[in-house]
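One structure is given below, encoded as structure tokens.
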Amino acid sequence: MTNASAAGTWKLGDHTVNRLGFGAMRLMARADGSPSDRGTAVQVLQKAVELGVNHIDTAAFYFSARRSANELINTALNPYPDDLVITTKVGPGRDPAGNWVSARTKDELRGQVEENIRQLGLDRLEVVNLRIGEALDRGTGALRERFEALAELQQEGLIRHLGISNIGPEHLAEALDIAPVVCVQNQYGLTTRREDDALIELCAEHDVAFVPFFAIAASVPGASPSGAADETGTDVVAEIAKAHDATPAQVRLAWTLHKGPNVLAIPGTGNPAHLEENVAAAGLRLTEEDLSQLDTIG
């Protein structure tokens, strides 16, 4: 069985992680939207670590009426393995009723950081991403005040490393002027936000990890487990998958990992079989011809 280490490693600050990780968002519900089975979700998390996953992405706002990603992680994995890095994100949040809120002051951000610490059963958070909004926060100056606040919380010992999410190149420059950045987390994939190809290279120049979410179409909320929300390039992906005895999702993941040594993948699932398939993508080696064909899609 393929181990996540087959994808190679990269650094998140002073941590070395396998480039194939795990995203916790899909632990709350099945693909059809029905509540997930708690025991299965715990099993998936434990199996992920057994398969070499040592980078898990989560957030306090990943919760449903019955499930909380942070609580599931705490239950399944605490006491945590020494090499496990749990990253989370702040900025957006949800009140107990599930309504979306946005943290903008230092006190509000502190509240979100402390909420993650409490739910995960930690003394501090290893990596915290400041996620900014789509329209409200575009342009320079969008993250400065909040990132400075997180840098102060870092100095207080609540956070070890900082990252940023949903950003453009201008935001990376802005953040780096304030404090070291260990990762950038954006939506990105074979047919999604390919303008970030250049951002991946910019991150590499600064030794910053680029962490795409929704890197495979099946991870998009509402997409079926085996289908694609975006049909672009489906035939090409399917043909390459067949040649490698792989699934289309594995090809998309492998393509993502081929984009650069600083690219980390965090596919999420609540299905043990899909977890094994995702981790197996760590060992899938695409040919130069494969990559050329796939790049024409984007």
Subject >> Total residues in the range 38-68, condition within 17 Å of the chain's Cα centre (by Cα), closer than 23 Å to residue 3 by Cα and not in a loop (DSSP other than H, G, I, E, B) >> reply: 7
Original post:
Can you name every residue in the range 3-19 that is surrounded by 15 or more Cβ atoms within 10 Å (Cβ to Cβ) and assigned to a loop (DSSP other than H, G, I, E, B)?
Top reply: 3, 13, 19
**OP:** Kindly provide the set of residues from the range 184-201 that are closer than 13 Å to residue 260 by Cβ and buried (at least 22 other Cβ atoms within 10 Å of the Cβ), ordered by number.
**Re:** 184, 188, 196
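Assess whether residue 87 counts as being assigned to a strand (DSSP E or B), among the polar types (S, T, N, Q) and at pLDDT 95 or above.
When the stated conditions are applied, residue 87 passes them.
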Original post:
Is it true that some residue in the range 227-248 is over 28 Å from residue 203 (Cβ atoms), at pLDDT below 95, assigned to a loop (DSSP other than H, G, I, E, B) and of a type in the set (Asp, Glu)?
Top reply: yes
**OP:** Output the number of residues of the range 140-174 satisfying the condition of being surrounded by 17 or more Cβ atoms within 10 Å (Cβ to Cβ) and in contact (Cβ under 8 Å) with a residue 40 or more places away in the chain.
**Re:** 10
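Restricting the search to the range 132-166, which residues are outside any helix (DSSP H, G or I), at negative phi and modelled with pLDDT of 95 or more?
Correct list: 156, 158, 159, 160, 161, 162, 163, 164, 165.
What do you reckon, is residue 214 within 19 Å of residue 166 (Cβ to Cβ) and modelled with pLDDT of 95 or more?
no
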Original post:
Does the range 17-36 hold any residues that are modelled with pLDDT of 95 or more and over 12 Å from residue 64 (Cα atoms), and which are they?
Top reply: 17, 18, 19, 20, 21, 22, 23, 24
**OP:** Find the residue count for the range 20-37, including only residues that are part of a strand (DSSP E or B) and either closer than 30 Å to residue 260 by Cα or in contact with a helix residue (DSSP H, G or I) (Cβ under 7 Å, 6 or more places away or on another chain) (or both).
**Re:** 3
Original post:
farther than 17 Å from residue 83 by Cα, of a type in the set (Phe, Trp, Tyr) and crowded, with 19+ Cβ neighbours inside 10 Å: does that describe residue 22?
Top reply: no
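The values are calculated or read from the model by the stated rules, or taken from the named source; none is laboratory data. This structure is a prediction, so every number in the text was calculated from the model and none was measured. Positions of Cβ are generated from backbone atoms using ideal geometry, with glycine treated the same way; all protein chains shown enter the neighbour counts.
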